[in-house]
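Below: one structure, written as structure tokens.
The values are calculated or read from the model by the stated rules, or taken from the named source; none is laboratory data. On a predicted model such as this, the values are computed, not experimentally measured, just so you know. All Cβ positions, even for glycine, are placed from backbone atoms using ideal geometry, and neighbour counts span all protein chains on display. Areas reflect the complete protein model, heavy atoms only, side chains present, ligands, DNA and RNA absent. Shrake-Rupley method; radii C 1.70, N 1.55, O 1.52, S 1.80 Å.
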Amino acid sequence: MQNLQHVNRRGIAYFLQSHARRDGGIAYSFARKPKGQPVDAIPEGYEIFERPADAQVFLRKVQPVAILPLEVQLVQSAVRALAGIEHFIVAAEGDALVIYLPEVDDDEHHRRQFATVMSPHQIRILRQLRIHDATYGRIMRFVLADATSRKFHAQRWCFRGSIDNWITLSESGRLAGLLERYAPHLGKESFFELY
């Protein structure tokens, strides 16, 4: 029997395996180096989940999602076009579209330091490698407020250590309008002025 394999965004292969539980049941998990019995298909009622933050792979029960695939595509397009960001993750999580950005230090000081010893091409390759291995952090989300009218609330993540949580930015509105208003701030200093 062949192990079902999932390669995460970092290019690391995870293999699906099973092992007996103490209560007589079967438990499933993904591992980089399988030790249990190989499994060649996803068990019914389960799905592969790659955690956006660190690309770790899990097998979990299928999670209900109220978000439409077209809405995921709309957010992806808006982040590229309106924010000019190339590397990001948009995850449909329950009733929300969550945008994750790589936590990579990319300030002007570091770029100038690299520019003195590296070519622009080498700097781009180094940045790609850093993004490839980066941890991604949640930054903004659009929460479905009304499933019939498909209206959303925009929220951004608050980075104040004592109150790490979501801050609501808007009344409910159409997703396209909220993206037009808030997506241009992603990855910029103006993002931290949104309240």
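Table for the structure above
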| item | result |
| --- | --- |
| Residues within region 161-175 that are at pLDDT 85 or above and surrounded by 13 or more Cβ atoms within 10 Å (Cβ to Cβ), tallied | 6 |
| Residue count, region 143-160 (criterion: open to solvent by less than 70 Å² (accessible area, probe 1.4 Å) and either in a helix (DSSP H, G or I) or polar (S, T, N, Q) (or both)) | 2 |
| Residue, farthest from residue 134 (Cα to Cα), within region 21-44, restricted to residues that are open to solvent by 90 Å² or more (accessible area, probe 1.4 Å) and not in a loop (DSSP other than H, G, I, E, B) | 26 |
